[in-house]
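Report on one structure; see the data block that follows.
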Amino acid sequence: MAKQLYEKAALQGNHKAKDRFKILMLLAINQGVARGEISKDIRLSWIKGYEPWQIEAADKYFD
């Protein structure tokens, strides 16, 4: 539900929602990597568009 709300707000131009949506997506990717469903290479290519603080935030939540 949060993903849908953040995505909708981001599409409407809400920058905070866009940042949080990206963190949620990276969290999901981190979980996929941990379960072996997503390769680390895919994660690395995905995070190229992220700010360092967004990566830290997602990694902190995942730990």
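The values are calculated or read from the model by the stated rules, or taken from the named source; none is laboratory data. Because the structure is predicted, anything quoted here is derived from the model rather than measured. All Cβ positions, even for glycine, are placed from backbone atoms using ideal geometry, and neighbour counts span all protein chains on display. These accessible areas exclude ligands, DNA and RNA; they are computed on the full protein's heavy atoms, side chains included. Shrake-Rupley method; radii C 1.70, N 1.55, O 1.52, S 1.80 Å.
When you look at ALA2, is it small (Gly, Ala, Ser) and either under 13 Å from the mean Cα position of the chain (by Cα) or open to solvent by 100 Å² or more (accessible area, probe 1.4 Å) (or both), yes or no? It is true that ALA2 is small (Gly, Ala, Ser) and either under 13 Å from the mean Cα position of the chain (by Cα) or open to solvent by 100 Å² or more (accessible area, probe 1.4 Å) (or both). TYR61 satisfies every condition listed in (1) open to solvent by less than 100 Å² (accessible area, probe 1.4 Å); (2) part of a helix (DSSP H, G or I) except (1).
The single condition among (1) free of Cβ contacts under 8 Å to residues at least 12 places away in the same chain; (2) over 22 Å from LEU5 (Cα atoms); (3) open to solvent by 50 Å² or more (accessible area, probe 1.4 Å); (4) hydrophobic (A, V, I, L, M, F, W, C) that TRP53 does not satisfy is (2). The set of residues in the range 11-30 that are exposed (fewer than 11 other Cβ atoms within 10 Å of the Cβ) and outside any helix (DSSP H, G or I) comprises GLN12, GLY13. Can you confirm whether the range 1-10 contains a residue that is at pLDDT below 90, out of contact with any helix residue (DSSP H, G or I) (no Cβ under 7 Å at 6 or more places or on another chain) and not in a helix (DSSP H, G or I)? Yes - at least one qualifying residue is present in the range 1-10.
Scan the range 31-50 for residues that are β-branched (Val, Ile, Thr), in a helix (DSSP H, G or I) and surrounded by 14 or more Cβ atoms within 10 Å (Cβ to Cβ) and the total you get is 2.
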